[in-house]
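Sharing a structure, written as structure tokens. Questions coming.
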Amino acid sequence: MKLLISANTSFNLVNFRAGLIRALQQEGHEIVLLAPFDEYTAELEATGCQVVGFRMDQRGVSPPREAATLVAAYRHLRRIRPDAVLSYTIKNNLYLGLAARHLGIPLIPNITGLGSVFSKQSLLNAGIRKLYAAAFRTAPVVFFQNREDRDQFLAAGIVPPGRAALLPGSGVDLARFAVLPMPAPPGPPAFLLAARLLWEKGIGEFVEAARAVRRTFPDATFRIIGRPEAPGAAAVPAATVSDWAKEGIIDYPGPVRDVIPYIRSADCVVLPSYYREGTPRILLESAACGRPVITTDMPGCRDVVADGTSGFLVRPRDAGSLSEAMLEIARMSLPARQGMGAAGRALIEAQYDERFVIQSYTAVLDRLAASGAPGRAAG
């Protein structure tokens with residue numbers, strides 16, 4: 001089959017979908033990758049897949065720009081003429097879904113997080129929910145990364161129960177993300193936050209909690225790695241991050257291509273997000289590497305942590321709750337931290353192996369091929 005796989009950044013496809021892309025290539029599928037060009041595009045091209053640029057504004061809501069993105073999605077699908085579309089991220093799901101439905105191309109969307117669409121009532125969000133219903137009306141399956149997102153779509157009547165399927169997030173390559181020894185020799189506790197530089201990822205709470213922890217453990221270290229976002233109300237300004245680094249409260253090496261060395265040097269990985277995540281990949285990767293994790297009691301995040309066993313759940317938007325959990329980690333003996341890390345690894349092995357995700361996709365594609373459903377859009 002000729003498959004089109006799309007997300008809102010090349011970074012997303014390189015870091016979160018590479019295993020699936022390889023597996024589908026090995027099964028003989030022809031893969032076309034559709035995403036905005038960025039510094040990771042060369043890595044996409046190195047896969048041997050055809051790579052097509054997709055202009056889009058990730059966070060904008062300008063009606064003319066969004067209409068242009070929808071038109072571009074339609075044109076790409078009409079030109080590429082895939083047998084099926086595998087889509088990720090909100091706008092790609094919506095616009096490629098609408099275009100694929102019009103062209104009679106099966107869509108297999110993956111809900112990687114809902115953002116504020118279901119948590120805030122507004123005319124815009126109501127409109128987006130209607131777009132979801134229209135885009136997914138003929139999708140043979142809609143994949144969800146956590147139960148809460150699935151249940152909200154079912155309750156809203158956007159997807160019928162028979163076509164809603166649950167995945168273990170994006171899965172983890174357990175060979176690549178193998179268990180790493182704790183930092184040696186044991187020293188002051190080291191905390192890592194890896195996320196896009198958005199306030200809703202809990203960046204501000206992390207910094208505030210770091211200040212509180214430093215009052216008890218003055219030599220504790222706090223590192224943030226992640227991609228800066230385009231300036232806007234949701235983005236943490238580059239100047240603010242620079243000020244924190246100058247103050248000495250955090251270390252910020254910037255965006256990194258390989259997170260493993262940073263997980264290796266951390267005693268604990270923290271994601272205090274209050275965003276409606278799917279299943280955060282950094283939590284899966286860190287637990288797979290044998291690190292205790294701290295995250296918020298939010299949909300998607302809470303599924304990855306056995307509270308008190310493999311890490312801690314804290315209240316969202318609550319730096320005090322976060323600092324208490326970080327202090328718990330800081331006071332732990334090395335064997336206790338290792339025990340938490342081992343519990344996290346066991347959870348990932350049992351529930352989040354990337355093979356489970358690949359098997360779910362290949363099963364759907366096999367059903368499509370057997371039913372004769374795939375059909376390329378008319379030229």
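Here are some conditions: (1) in contact (Cβ under 8 Å) with a residue 24 or more places away in the chain; (2) farther than 30 Å from residue 23 by Cα; (3) not in a strand (DSSP E or B). Residue 184 meets all but one. Which one does it not meet?
(1)
Going by the conditions given, is residue 263 in contact with a Lys or Arg (Cβ under 7 Å, 6 or more places away or on another chain), over 30 Å from residue 173 (Cβ atoms) and open to solvent by less than 60 Å² (accessible area, probe 1.4 Å)?
no
Another one. Of the residues that sit in segment 221-238 and are at pLDDT 95 or above and among the aliphatic types (A, V, I, L, M), which one is surrounded by the most Cβ atoms within 10 Å (Cβ to Cβ)?
Looking at residues that are at pLDDT 95 or above and among the aliphatic types (A, V, I, L, M), I get 224.
Return the residues of segment 239-261 that are more than 18 Å from the chain's Cα centre (by Cα) and in contact (Cβ under 8 Å) with a residue 40 or more places away in the chain; say none if nothing qualifies.
Answer for segment 239-261, where residues must be more than 18 Å from the chain's Cα centre (by Cα) and in contact (Cβ under 8 Å) with a residue 40 or more places away in the chain: 241, 249, 250.
Let me ask something additional. Assess whether residue 169 counts as being in contact with a helix residue (DSSP H, G or I) (Cβ under 6 Å, 6 or more places away or on another chain), assigned to a helix (DSSP H, G or I), under 30 Å from residue 19 (Cα atoms) and open to solvent by less than 40 Å² (accessible area, probe 1.4 Å).
For residue 169, the condition - in contact with a helix residue (DSSP H, G or I) (Cβ under 6 Å, 6 or more places away or on another chain), assigned to a helix (DSSP H, G or I), under 30 Å from residue 19 (Cα atoms) and open to solvent by less than 40 Å² (accessible area, probe 1.4 Å) - is not met.
Okay, next question. Here are some conditions: (1) hydroxyl-bearing (Ser, Thr, Tyr); (2) crowded, with 18+ Cβ neighbours inside 10 Å; (3) over 25 Å from residue 262 (Cβ atoms). Residue 310 meets all but one. Which one does it not meet?
Among (1) hydroxyl-bearing (Ser, Thr, Tyr); (2) crowded, with 18+ Cβ neighbours inside 10 Å; (3) over 25 Å from residue 262 (Cβ atoms), the lone unmet condition for residue 310 is (3).
Also: Given the conditions (1) of a type outside the set (S, T, N, Q); (2) more than 21 Å from the chain's Cα centre (by Cα); (3) within 22 Å of residue 143 (Cα to Cα), and given that residue 95 satisfies all but one, which numbered condition is not satisfied?
Unmet condition: (2).
So that you can scan it fast, the table gives a plain yes or no per residue for (1) open to solvent by less than 60 Å² (accessible area, probe 1.4 Å); (2) not aliphatic (A, V, I, L, M):
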position: 105; (1), (2): yes, no
position: 128; (1), (2): yes, no
position: 143; (1), (2): yes, yes
position: 146; (1), (2): yes, yes
position: 164; (1), (2): yes, no
position: 181; (1), (2): no, yes
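Now for a different question. With under 23 Å from residue 54 (Cα atoms) and either modelled with pLDDT under 95 or of a type in the set (Asp, Glu) (or both) as the only criterion, which of 171, 115, 187 stands out?
115
So, one more: Using the structure shown, decide if residue 330 is open to solvent by 30 Å² or more (accessible area, probe 1.4 Å) and aliphatic (A, V, I, L, M).
Taking the combined requirement at face value, the residue does not satisfy it.
Touching a residue at least 24 places away in the same chain (Cβ under 8 Å), on the phi > 0 side of the Ramachandran plot, out of contact with any strand residue (DSSP E or B) (no Cβ under 7 Å at 6 or more places or on another chain) and small (Gly, Ala, Ser): is that true of residue 169 in this structure?
Yes: the conditions hold for residue 169.
On the basis of being closer than 19 Å to residue 352 by Cβ, open to solvent by less than 10 Å² (accessible area, probe 1.4 Å) and of a type in the set (D, E, K, R), does residue 291 make the cut?
For residue 291, the condition - closer than 19 Å to residue 352 by Cβ, open to solvent by less than 10 Å² (accessible area, probe 1.4 Å) and of a type in the set (D, E, K, R) - is met.
The values are calculated or read from the model by the stated rules, or taken from the named source; none is laboratory data. Please read these numbers as outputs of a predicted model, since none were measured by experiment. Glycine gets a Cβ as well: all are built from the backbone with ideal geometry, and neighbour counts include every protein chain shown. All accessible areas refer to the heavy atoms of the entire protein, side chains included, with ligands and DNA or RNA removed. Shrake-Rupley method; radii C 1.70, N 1.55, O 1.52, S 1.80 Å.
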